[in-house]
Amino acid sequence: MPSLADASAQILAAGAPVLFADTCSLLDVIRTPTRLLRGCVESAAELLQLVSSVPPQCVLVVGSFVPGEWQAHASATADELRKYLARLDEQAAYFHNSCGALGIAPPFGRPGYGAVGLADRLLDLSSQLLGRAIHLAPQNDTNLRAFNRAATNTPPSGKGGESKDSTIIEECLEVCRLLQAGGFARKRVFCTSNTDDYCEATKALHPLLVTEFTAVGLGFTKDLPWALHEMKT
């Protein structure tokens, strides 16, 4: 894990747009079918191409908490998808059995959603994105600011909230400050689908975060397709 200063130097050297992704946005790749997240898988696959190209066309960055959170939840998220696909297969079986009992011949065969390996492929895609990202190292001053956010219920730490999201944000903001000081002119975008903590009831970014994001030239997106669009425009 590079320090925030070293990470900023890597981004400046790459000279490509930078996307800060939180854990939710990476897990969304796996749970796309269960949540009907339109365009998420396609965007994740394209993002992987962008960050893997030589030279990179986009730099992906994750906060210090993200790798551990991903490891804690990714396998269970993939298992949820497997159960969902199994239910689809069961429902399809009822459909075809009912048709057979009534002498109806559907013009398509019985599907086997669970047999095609989709959950494993999506888990791998999400894992590859995490593997291609710059993993920020924790830092005392950003940790302290994150704890203060949590103690004062400052977004994204709501009442009784943890400091994980606040730590991710403080690290992201600090990297953006360093990029700004280094004359970085490319886009900086943060992506999360966690609108409960980051947004108001209207699903718009909380005004306090708007002020902080604007001050360091950081954009806000709520899904990977939106984030990818920002990276390319």
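What follows is calculated from the coordinates using simple rules that are stated; it is not laboratory data. Note that this is a predicted model, so its numbers are computed, not measured. Here Cβ is always computed from backbone atoms with ideal geometry, including for glycine, and neighbour counts include all displayed protein chains.
Remarks
- Charge dipole (debye, nearest 20) of the chain; +1 at Cβ of Lys and Arg, -1 at Cβ of Asp and Glu: 400 debye
- Residue-normalised convex hull volume from the C-alpha trace of segment 109-233: 170 Å³ per residue.
- Between the residues Leu144, Thr214, Ala185, the greatest Cα displacement towards the positive end of the dipole of segment 137-214, with unit charges on the Cβ of Lys, Arg, Asp and Glu, is found for Ala185.
- 14 Å Cα-Cα reach of Lys83 towards aspartates and glutamates, excluding residues that sit fewer than 8 places from it in its own chain: Asp120
- FRET efficiency estimate (nearest 0.05) - Cβ-Cβ, Lys203 to Val54, R0 41 angstrom: 0.65
- Karplus-based coupling profile of segment 206-222, in residue order and whole Hz: 4, x, 4, 5, 4, 4, 5, 5, 4, 4, 10, x, 9, x, 10, 9, 10, with θ = phi - 60° in 6.51 cos²θ - 1.76 cosθ + 1.60 and x standing for Gly or Pro.
- Which of Leu81, His96, Ser3, positive extreme of dipole for segment 1-153 (C-beta unit charges): His96
- Shape class for segment 141-202, computed from the alpha carbon gyration tensor (a ≥ b ≥ c): oblate, with a/c not under 1.5 and a/b at or below b/c.
- In sequence order, segment 76-83 has phi-based couplings of 5, 5, 5, 5, 4, 5, 4, 5 Hz under the Karplus curve 6.51 cos²θ - 1.76 cosθ + 1.60, θ = phi - 60°, and Gly or Pro positions carry x.
- Calculated SAXS-style log₁₀ I(q)/I(0) at q = 0.17 Å⁻¹ - segment 170-233, Debye, Cα scatterers: -0.60
- Two-decimal Rg/Rh across the chain, once Rg and the Kirkwood Rh are taken from alpha-carbon atoms: 1.07
- Karplus-based coupling profile of segment 165-172, in residue order and whole Hz: 4, 5, 5, 4, 5, 4, 5, 4, with θ = phi - 60° in 6.51 cos²θ - 1.76 cosθ + 1.60 and x standing for Gly or Pro.
- Projected over every direction and averaged, the convex hull enclosing the alpha-carbon atoms of segment 33-167 yields 12.0 nm².
- Dipole magnitude of segment 1-56, debye to nearest 20 (Cβ charges: Lys/Arg +1, Asp/Glu -1, about Cα centre): 180 debye
- Above 17 Å, the calculated P(r) of segment 1-108 contains 67 percent of its Cα-Cα pairs.
- Linear extension gain, Asp124 paired with Leu88, 0.36 nm per residue minus alpha-carbon span: 10.8 nm
- FRET efficiency, 1/(1 + (r/R0)^6) with R0 35 Å, evaluated for Ile104 and Trp226 via beta carbons: 0.25
- Within the chain, longest stretch free of exposed trypsin sites (Lys or Arg not before Pro) [DSSP loop, at most 12 other beta carbons within 10 Å]: 39-158
- Annotation: peptides 208-216, 90-98, 58-66, ranked by per-residue average of other Cβ atoms within 10 Å with the highest first, follow the order 58-66, 208-216, 90-98.
- The antiparallel fraction among DSSP beta bridges confined to the chain stands at about 5%.
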